[in-house]
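All remarks here apply to the structure that follows.
The values are calculated or read from the model by the stated rules, or taken from the named source; none is laboratory data. Because the structure is predicted, anything quoted here is derived from the model rather than measured. Note that each Cβ is placed from the backbone with ideal geometry, even for glycine, and that neighbours are counted across all protein chains shown. These area figures cover heavy atoms from the full protein model, side chains too; ligands, DNA and RNA do not enter into them. Shrake-Rupley method; radii C 1.70, N 1.55, O 1.52, S 1.80 Å.
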Amino acid sequence: MPNSDTLILCKFIQSINTNLIYYNPDIISDNDTTISPPSEKAMMTEIDANLLEEILVFKAAKSNSSIAVLEWGFGRSSLYYPSVLNKHGYQFTWDSIENDRDYFQDFFNKVSQDFVTPNTVNFYPENNLDNLEPIKNNELSHHHFHVFNLGIVRSPFVMSKPTNLPNGDAYVGLPSKLNQKYDIILVDGRYRRRCVIESSSLMKPDGITLLHDAWRTYYHCAFTHFKHHRRIGEAWWIGSQSPLDFLVPTS
């Protein structure tokens, strides 16, 4: 385990002029072994949570209007990062998509009073978008939760026995029906390979997609749908159709 000085050196430091974000390529992990402790911001390491925060603030600061964020996978990050954007005074829309209704309701009921952004919750049957409501584009920040009833979905790649996955077509395809292009897309839920591929056509021209737990090799075939991509942080992968010139390695 590295000492505290090493961890401080591993922190990602946004430059004063906000034109660059520096990252340390020496800490990229090829498995689920990481060097930094868990973060209280999100279900990831401190290094990855801090890096995500910097990228979100960086993209918001560069935007001349409200930024649009899409997130597959609901959790602590869905509460923390919108609050950061709100604290900095940036306007945004945030779409969170969750597959497990019971998990969402249990977590949301505990923390709903902590959400500082107006929010709307839409529940969908297992694989049906009949209840889909069009998103109204405006400059006011708003958080939209899209919740499916697929239950706990486990990857067949990590199961000891074959498993039949619920049909995830609606879960993966919902964003394409929202009439929205995104500045930032976070893939940290289920059906991640399909979501990464789907996100390649959902971004704005300079938009980015971030995949967590990117050391899992069965995700890597999806990376070819992006003109520019690389590993960053301990477990992040970032992809875009535009050059990622704002990311600079420290060594």
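Stokes-Einstein diffusion of the stretch 30-75 at 37 °C, 0.692 mPa s viscosity, Kirkwood radius from Cα pairs, rounded to a whole number: 266 µm²/s. Annotation note: chymotrypsin sites (Phe, Trp or Tyr not before Pro) in the stretch 16-75 located in DSSP loop regions with a Cβ neighbour count of at most 10 within 10 Å are absent. Simple spin-label estimate for Asp32 and Leu129 gives 3.2 nm between the two label positions (7 Å along the Cα-to-Cβ direction from each Cα). Val196 sits with roughly 0 Å² accessible to a 1.4 Å probe, with DNA, RNA and ligands left out of the calculation. Database remark: amide H of Ala68 closer than 5 angstrom to the amide H of Thr93, Asp183, Ile184 (H placed geometrically; neighbours at sequence offset of 5 or more, or on other chains; Pro and chain starts carry no H).
If I stretch the segment between Thr217 and Ala61 completely, what's the gain in nm (0.36 nm per residue apart, minus their alpha carbon distance), one decimal?
52.8 nm
For the stretch 163-222, calculate the relative contact order in percent as a whole number, restricting contacts to Cα pairs under 8 Å that are 6 or more residues apart. Present the calculation step by step, with values, prior to reporting the outcome.
Values: 61 pairs, mean separation 21.7, N = 60.
The value is 36 percent.
Efficiency by 1/(1 + (r/R0)^6): what FRET value for Asn109 and Asn179, r their Cβ-Cβ distance, R0 = 30 Å, to the nearest 0.05?
Values: r = 30 Å, r/R0 = 1.00.
Between Asn109 and Asn179 the formula returns 0.50.
Subtracting the Cα-Cα distance of Asn149 and His225 from 0.36 nm times their residue separation leaves 24.5 nm of extension gain.
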